[in-house]
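Only one structure is covered here, and it is reproduced in the block below.
The values are calculated or read from the model by the stated rules, or taken from the named source; none is laboratory data. Bear in mind that the values here come from a model prediction, so they are computed numbers and not experimental data. Glycine gets a Cβ as well: all are built from the backbone with ideal geometry, and neighbour counts include every protein chain shown.
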Amino acid sequence: MPTKNDFKFAALMSLITTFFVTFVLVSTNLGFKKNFIFIWMQSWLIAFILVGLSILFVAPKIRRYLNK
């Protein structure tokens, strides 16, 4: 079971990583249209959730596999 620090780490890493990646991808693919912020934040929220869950549940399995 993930610890409190695992949740904090996953949230912070997910926040920072997805913030920059979604900004670059949305601005590159769509440009700065009138509804850019809405599209970017919508994309960011989806990415934030998926990456956060991935860091919490997939990363430990990868770490165990690599430490064999």
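Hey, among 68, 61, 33, which residue is among the charged types (D, E, K, R) and part of a helix (DSSP H, G or I)? Full working, then the answer.
Numbers: 68 fails: part of a helix (DSSP H, G or I); 33 fails: part of a helix (DSSP H, G or I).
After ruling out the rest, the residue left standing is 61.
Within the range 1-36, the set of residues being of a type in the set (Val, Ile, Thr) and either touching a strand residue (DSSP E or B) at 6+ places or on another chain (Cβ under 6 Å) or within 23 Å of residue 61 (Cβ to Cβ) (or both) comprises 3, 16, 17, 18, 21.
What pairs come out if I take residues in the range 48-68 that are closer than 15 Å to residue 1 by Cβ and modelled with pLDDT of 90 or more and pair them with residues that are surrounded by 13 or more Cβ atoms within 10 Å (Cβ to Cβ) and among the β-branched types (Val, Ile, Thr) whose C-beta lies under 6 Å away, six or more apart or interchain? Pairs that qualify, where the first residue is closer than 15 Å to residue 1 by Cβ and modelled with pLDDT of 90 or more and the partner is surrounded by 13 or more Cβ atoms within 10 Å (Cβ to Cβ) and among the β-branched types (Val, Ile, Thr): there are none.
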